[in-house]
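Accompanying notes for the structure given below.
The values are calculated or read from the model by the stated rules, or taken from the named source; none is laboratory data. As the structure is a prediction and not an experimental result, all values here were calculated from the model. All Cβ positions, even for glycine, are placed from backbone atoms using ideal geometry, and neighbour counts span all protein chains on display.
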């Protein structure tokens with residue numbers, strides 16, 4: 001809103017931009033600057049639209065907790081990028097349909113945002129300070145809001161076309177109201193004994209067939225020079241352009257300043273050189289490329305393979321035993337497994353123990369068989385013997401909740417298919433190096 005109301009102050013942005021560029025021209029020649037600024041500044045492109053690095057970083061703020069953990073970092077980055085791509089394709093579809101969002105609507109959303117209020121009222125100063133803290137200009141943020149509103153308009157249009165048929169609701173009600181009486185036979189790994197020692201030939205064969213499992217991680221190599229003399233920076237930069245690598249570098253490591261680590265993500269085969277200033281130091285970065293990943297030697301992974309082969313044999317034996325128990329129960333024979341009796345189990349409770357597929361759930365609800373399974377469980381397999389089925393009467397509010405959930409699921413499926421179609425239609429290109437995924 002600050003940008004919409006005070007457009008005449010855009011000259012301040014131009015002055016800041018010129019000041020930043022003047023530093024580059026002071027330090028390097030014009031051709032140097034051009035080369036340093038080449039490369040794709042877009043994390044992704046959707047048609048002709050660019051999802052900028054700044055937009056991406058702003059979106060990542062929502063997932064900051066997950067970015068701190070290396071186990072979830074890449075997933076969080078992918079989710080953030082997918083969110084931006086989804087919004088972009090929906091925005092383009094809205095434009096194509098001739099829909100728009102007025103400045104007044106954008107202003108209204110921003111003015112009602114609690115993040116920009118002081119003492120319950122919108123504050124221009126707080127708005128500007130908040131955006132500045134996140135590295136966004138008002139114009140950029142207002143465009144983000146506008147795109148979000150236009151994307152939401154398309155989704156709202158899709159949602160209006162979603163409805164639930166009476167038969168669909170009746171079937172879903174039966175899923176929720178079913179209560180089963182019967183017995184559960186749990187087949188555990190301790191129920192089978194495996195006397196098996198993999199041979200050298202089996203170990204070698206497994207290694208050769210599954211070699212990709214033992215591939216060393218591919219490593220991207222970046223050389224880093226930490227320099228204080230800007231003339232030396234220029235000299236090294238010129239040498240790197242000519243293909244000559246100066247001495248005195250170290251390989252990239254996690255102990256470097258955050259600003260340097262962030263800049264490294266922007267390097268790739270096309271954009272190999274970058275200079276970052278941190279305090280009095282200049283960091284010259286050079287993308288050397290990817291090191292060929294080799295394979296761990298057989299001797300190093302032999303014990304791991306042995307364990308996997310023994311575990312595989314045990315899984316096979318366990319499945320065979322579960323199928324044998326199932327067959328005997330179907331034939332009314334005695335089995336050597338003690339069952340657990342239950343009197344009124346819901347499908348939800350059954351699914352907490354057994355991994356029952358959708359088609360098998362239908363059989364449990366509408367089938368007339370007595371024995372079902374074997375289904376995988378966390379510890380092995382489970383077999384259900386149904387003695388009796390009954391359907392409880394649901395409360396009106398429960399029926400409304402079921403209908404709402406069914407409608408939401410149908411909408412999510414429809415929206416997902418629609419977005420996939422738009423992605424193919426507009427074309428999406430992702431700069432994985434820049435996105436860090």
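Does segment 422-435 hold any residues that are out of contact with any strand residue (DSSP E or B) (no Cβ under 6 Å at 6 or more places or on another chain) and farther than 19 Å from residue 78 by Cα, and which are they?
In the first step, residues of segment 422-435 are kept if they are out of contact with any strand residue (DSSP E or B) (no Cβ under 6 Å at 6 or more places or on another chain); the result is 422-425, 427, 432-433.
Within segment 422-435, 425 is the sole residue that qualifies.
Is segment 209-221 home to any residue that is over 30 Å from residue 391 (Cβ atoms), buried (at least 17 other Cβ atoms within 10 Å of the Cβ) and not assigned by TED's automatic domain parsing to the domain that holds residue 364? Step through it out loud before you land on a result.
Going through segment 209-221, the residues over 30 Å from residue 391 (Cβ atoms) turn out to be 209-221.
Narrowing further to those that are buried (at least 17 other Cβ atoms within 10 Å of the Cβ): none.
Taking every residue of segment 209-221 in turn, none turns out to be over 30 Å from residue 391 (Cβ atoms), buried (at least 17 other Cβ atoms within 10 Å of the Cβ) and not assigned by TED's automatic domain parsing to the domain that holds residue 364.
List every residue pair whose Cβ atoms sit under 9 Å apart, with the two residues 6 or more apart in sequence or on different chains, where the first one lies in segment 93-121 and is without any contact (Cβ under 8 Å) to a residue 12 or more places away in the chain and the second, anywhere, is part of a helix (DSSP H, G or I) and loosely packed, with under 12 Cβ neighbours inside 10 Å.
Between residues of segment 93-121 that are without any contact (Cβ under 8 Å) to a residue 12 or more places away in the chain and residues that are part of a helix (DSSP H, G or I) and loosely packed, with under 12 Cβ neighbours inside 10 Å, the close pairs are 118/125.
Residues in segment 87-101: is at least one farther than 27 Å from residue 424 by Cα and touching a helix residue (DSSP H, G or I) at 6+ places or on another chain (Cβ under 7 Å)? Full working, then the answer.
Residues of segment 87-101 farther than 27 Å from residue 424 by Cα: none.
No.
So that you can scan it fast, the table gives a plain yes or no per residue for (1) exposed (fewer than 14 other Cβ atoms within 10 Å of the Cβ); (2) without any contact (Cβ under 8 Å) to a residue 12 or more places away in the chain; (3) in contact with a strand residue (DSSP E or B) (Cβ under 8 Å, 6 or more places away or on another chain); (4) not in a helix (DSSP H, G or I):
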| residue | (1), (2), (3), (4) |
| --- | --- |
| 271 | no, no, yes, yes |
| 282 | no, no, yes, yes |
| 288 | no, no, yes, yes |
| 302 | no, no, no, no |
| 311 | yes, yes, no, no |
| 319 | no, no, yes, no |
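Restrict the check to segment 329-339 and report whether at least one residue is on the phi < 0 side of the Ramachandran plot, surrounded by 15 or more Cβ atoms within 10 Å (Cβ to Cβ) and out of contact with any strand residue (DSSP E or B) (no Cβ under 8 Å at 6 or more places or on another chain).
No.
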